[in-house]
Amino acid sequence: MTDAQAPEETGTNPLAPAPEGARTAADVVTPELIAQLTKGVVGSGRTANHTPFTGEKLADLPESTPEDVQEAYRAARAAQAVWAQTPVRQRAAVLLRFHDLVLERQAEVLDLIQLETGKARLHAHEEVQAVAVASRHYGRKAGFYLRPKRHTGAVPVLTKVTELRHPRGVIGQIAPWNYPLELSVGDALPAFVAGNAVVMKPDTETCLTALWARDLLVEAGLPAEVFQVVLGDGPVVGPEVVRHADYVSFTGSTRTGREVAQGAAARLVGVSLELGGKNAMLVLEDADIEKAAAGAVRACFSSAGQLCISVERLYVHESIADVFLERFAARTKAMRLGTSLAYGADMGSLVGERQLETVARHVEEAVAQGARVVAGGTARPDIGPYFYEPTILDGVDPSMSVCEEETFGPVVSLYRFSSEDEAVERANATPYGLNSSVWTRDARRGRDVAARLRTGTVNVNEGYAPAYGSVQSPMGGMKDSGLGRRHGSEGILKYTEAQTVAQQRLLPMAPSLGMDDEKYAQFMSRSLRLMKAFRFR
């Protein structure tokens, strides 16, 4: 960025230095903790992870080979056969105990999440909230979701039909780095309570959080062998996880998701994919501007924008765009960046060099092509190696990478619109369809606009939390944003095989009682007409 293009002073400043005696990485990630957490990892090699706050190494870790992955599956299959015979109520009780342990010991995992991802503590707490809610929900509702269900048979009274749900076996899970608690164990909980085992490959750079959760689940009563963890490079370990799974759960990029889907399809096993997004927030002309500006800060900059459902495109009605931009920019410029393992920072770090490069490239290319930096636009190596200021761009057009590509960082572009139809059309004009947001004072209007948006979740007068946190309802993507859903009935039933058991009573489904073929056909035709008349389904 040239001097002529440099933004005005943003006012974004780091928090004051942490007080003397504050916890450090060495205080949290001790040799004893590493030994405790990694004792369940199947791996014969060595690797390491690092903290984005400083770039320094956090821990030496076991690294798994393809042979190690196969061994993990062998152990998981043996344990799953026993676990599946455990009554659902007992399996659900493990989740409820886990819920309590997570809340009681949240300080431990908040430290780990911060150290491994670089995010602010309040954003780390979103993961604690999400896992606790999912644990409670499936701990309470699993029996309902999995219970045998009676259905109307082919011939009422004569045919008795029951739908059963059986666990698939061993679930292969590949979890991302950005939400290492929620998108690892949070997705595994319904698989466990449905009677499955899991072989998980968390991202190596954030695996301590996932391993902590595994350790806590075992403490809550989950058999250790039912939850296997393998670590290593994605291109090496990931295909092996897919190759041996009875079902695959993946969260990550759309590009990698396509490869995972192809690997699963080749083996005719099911797959659920939560992939990328270029999520839009629509601010209609009747919106509360102050609330929308505050909501945009949460929607755009939580976890430094490294959230699949965060907002990267802001569509604001032209009649209020200038006022909204002024209020939004003022809030953004006032945000505090920090590395402390304590509450108070408004935003943390990007996770690493690759994310920082993408963010900087998108901003610099946009500015070079005529966009204007309203807030942010600058890296902050004075705070940490991968810090980048929360950034607002104006004057972005479709030729710019930041308009079409997922940035996955603290950058949002603002666009003006003149009509509701235009806003909906532009919001939908993307290959992605994960999440969106609508702001209006008219609740009915908000719901009507939401129904026109082609995204798996839509939030009215908030950015992403209400839809994601409503765990009785499905969450997932349309179009290039994925397949399948987490949460609700779909989030647990995807980990099961449906079986229909039909018992025929008294009379066979064939000519009987002296009827020949023609009379039987006539009898069945009359019966079908009667069933329609009496509204049988």
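At the listed q of 0.17, 0.20, 0.21, 0.26 Å⁻¹, the Debye profile of region 267-348, built from one uniform point per Cα, gives log10 I(q)/I(0) equal to -0.75, -0.93, -0.99, -1.25.
If I stretch the segment between A93 and R105 completely, what's the gain in nm (0.36 nm per residue apart, minus their alpha carbon distance), one decimal?
2.5 nm
What does the highest-first list of 293-299, 448-454, 169-175 look like by mean Cβ count within 10 Å?
Working: 293-299: 21.3, 448-454: 16.6, 169-175: 26.7.
Result, highest mean Cβ count within 10 Å first: 169-175, 293-299, 448-454.
Neighbours of T162 by Cβ distance under 11 Å: Lys/Arg scored +1, Asp/Glu scored -1, total +4. Looking at region 201-269, the pairs of alpha carbons with a distance over 15 Å make up 59% of the total.
When the alpha carbon coordinates of region 98-210 are projected onto the principal axes, the ranges are 63, 25, 18 Å, largest first. For region 96-124 versus region 240-261, the spacing of their alpha-carbon centroids is 27 Å. Figure legend: label point modelled 7 angstrom from the Cα of A224 along Cα→Cβ; residues of region 189-203 with amide N under 17 Å from it are 198-200.
Phi-derived couplings, Karplus 6.51 cos²θ - 1.76 cosθ + 1.60 at θ = phi - 60°, listed residue by residue for region 418-430: 10, 9, 4, 4, 5, 4, 5, 4, 6, 5, 7, 7, 8 Hz, with x used for Gly and Pro.
Distance between the 7 Å Cα→Cβ label points at L164 and A294: 5.4 nm. Here the accessible area of the chain is 52 percent carbon and sulfur, with a 1.4 angstrom probe and all protein chains present.
Checking a compactness column here: for region 415-522, what do you get for Rg(Cα) / (2.2 N^0.38 Å), N being the number of residues? Intermediate results must be reported in sequence, preceding the final value.
Details: Rg = 24.0 Å, N = 108, 2.2 N^0.38 = 13.0 Å.
Ratio of Cα Rg to 2.2 N^0.38 Å: 1.84.
Contour minus end-to-end for E425 and D442, with contour as 0.36 nm per residue of separation and end-to-end as the Cα-Cα distance? It would help to have the intermediate numbers written out before the result.
Working: separation 17, 0.36 × 17 = 6.12 nm, distance 2.02 nm.
Working it through step by step, the gained length comes to 4.1 nm.
Computed over the alpha-carbon pairs of region 338-439, the distance histogram in 5 Å steps reads 2, 11, 20, 20, 19, 14, 8, 4, 1, 0 percent, short to long. Between L493 and Y343, the C-beta separation translates, for a Förster distance of 30 Å, into a calculated FRET efficiency of about 0.20.
Cβ-Cβ distance of F534 and D382, R₀ of 60 Å, FRET efficiency by 1/(1 + (r/R0)^6): the value works out to about 0.20.
Given a 1.4 Å probe and the protein chains as shown, H317 ends up with an accessible area of around 20 Å². For region 252-267, backbone phi angles converted through the Karplus equation (6.51, -1.76, 1.60; θ = phi - 60°) give residue-by-residue couplings of x, 6, 5, 4, 5, x, 5, 5, 4, 4, 5, x, 5, 4, 4, 9 Hz, Gly and Pro being listed as x. Neighbours of V229 by Cβ distance under 11 Å: Lys/Arg scored +1, Asp/Glu scored -1, total +1. Ranked by solvent-accessible area (1.4 Å probe, protein heavy atoms only, all chains present), the residues D187, D203 order from largest to smallest as D203, D187. Residues in region 434-451 carry Karplus couplings, in order, of 9, 9, 7, 9, 10, 10, 6, 7, 9, 4, 5, 4, x, 5, 5, 5, 4, 5 Hz; the curve used is 6.51 cos²θ - 1.76 cosθ + 1.60 with θ = phi - 60°, and Gly or Pro positions show x. Taking packing as the residue-averaged number of other Cβ atoms within 10 angstrom, the listed peptides 46-59, 350-363 run from highest to lowest as 350-363, 46-59. Could you work out Rg/(2.2 N^0.38 Å) for region 391-448, with Rg from alpha carbons only? Compared with the compact-globule rule of thumb, region 391-448 sits at 1.24. Normalised per residue, the accessible area of region 127-237 is 29 Å², obtained with a 1.4 Å probe and no contribution from ligands, DNA or RNA. Length gained on full extension, V236 to S401: 56.4 nm, using 0.36 nm per residue less the C-alpha separation. Computed across the chain, the Kirkwood radius stands at 25.0 Å (inverse of mean 1/r, all Cα pairs).
The values are calculated or read from the model by the stated rules, or taken from the named source; none is laboratory data. If you're wondering where the values come from, they're calculated on a predicted model, not measured in any experiment. Neighbour counts run over all protein chains shown; Cβ positions are idealised from the backbone, glycine included. These accessible areas exclude ligands, DNA and RNA; they are computed on the full protein's heavy atoms, side chains included. Shrake-Rupley method; radii C 1.70, N 1.55, O 1.52, S 1.80 Å.
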